[in-house]
Every structure is written in C-alpha cells, then in structure tokens.
Amino acid sequence: MRSRTQGTRGLLLTGLSLAATTTACIRATAPNPFAEGGSGATESFDSSQSVPDEIGRDEIRSRGSNDLTAMALIRRLRPAWLRARGQTSMTDGAASYPVVYIDEIRHGGLPTLNRIPTSEIYRLEYYNTADATTRWGTGHSSGAINIVTGRF
C-alpha cells in the first residue's frame with residue numbers, strides 16, 4: 001500500500017519531468033536573438049517599427065517610394081493611424097477620425113492627406129488624443145497627424 005506522501009512525490013516528479021521536457025523543446029525550437037550570426041531571423045531589424053508614431057524621411061525613401069500621396073503612404077505603412085476611434089458624444093453617433101496638420105497648422109480631416117504628394121513630406125507624426133489635446137487644444141478625440149514638410 002502506497003502512502004499519501006509517495007503519491008504526491010510521484011506527481012511532483014512527473015510534473016518536474018514535464019516542465020523539463022517543455023523547457024528543452026522551447027530551447028530547441030526558439031532562436032536565440034542574442035546569438036551572433038545564428039539568430040535564425042530571415043529579415044533584418046526594421047528600425048521604422050521602433051517609432052510606431054512616426055514615419056521618417058528614410059522610411060519614406062525606402063518603403064514608400066511608390067506611394068504618390070500621404071494617404072497612400074499611411075494606409076500602407078501605418079494603417080492604424082487612419083482608424084475611427086468611435087463616436088465623439090452620446091448624442092452624435094458619427095465616428096471620429098484624426099485631425100490633419102501640416103507644419104503644425106490645422107488643415108482639416110483625412111481627405112487632406114490625398115492632396116499632399118509624398119515628395120513634399122519630410123516626416124509624418126501621429127499624436128494620440130492626450131498628446132494632440134496638450135499640443136493643440138480640445139477637439140482631437142481621435143488624435144492628430146502632423147505632416148512635416150521641412151519648408152519652414
């Protein structure tokens with residue numbers, strides 16, 4: 001007859017064995033991101049994704065050269081910037097979209113992006129609701145997109 005302690009010890013050993021097997025499988029299949037040369041990654045590090053709220057001139061040149069307008073560029077590289085953020089009030093059921101600025105000057109809604117050629121853009125910046133309200137005041141319930149042209 002087995003004692004209660006022996007049964008628990010057996011379950012504990014089985015659990016440890018399972019944990020060791022799982023850890024070994026994970027180590028065998030997951031590449032080491034810190035290993036030199038043998039990381040297993042097929043693509044190089046994309047520095048543009050380190051700043052999700054900005055599209056710089058280098059990224060525009062390398063990844064957006066085929067896009068003719070700011071709208072096409074943002075739609076392909078940062079589509080989340082263009083999403084509606086829900087209704088603005090309980091009485092108005094219309095969705096809210098980011099406000100567009102060009103060199104810090106308010107120019108209107110998203111259709112403005114269709115009039116800005118990519119060749120004139122130095123950098124695009126997205127500001128969330130809180131940051132846009134702090135920078136430009138109220139009326140930015142879905143944030144803002146600022147187009148920096150470099151003309152100033």
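If amide hydrogens are placed 1.01 Å from N in the peptide plane, which non-local residues have theirs closer than 5 Å to the one on Tyr101?
Correct list: His107, Ile145, Asn146, Ile147.
Restricting to region 53-148, compute how many DSSP beta bridges are antiparallel as a %, nearest 5.
75
Tell me, rounded to the nearest percent, the portion of alpha carbon pairs in region 53-148 spaced more than 20 Å apart. It would help to have the intermediate numbers written out before the result.
Details: 1488 of 4560 pairs.
So the pairs more than 20 Å apart make up 33 percent of the total in region 53-148.
Since every read-out is calculated from the coordinates, none of them should be taken as a lab result. Please read all numbers here as calculations on a predicted model, not as lab measurements.
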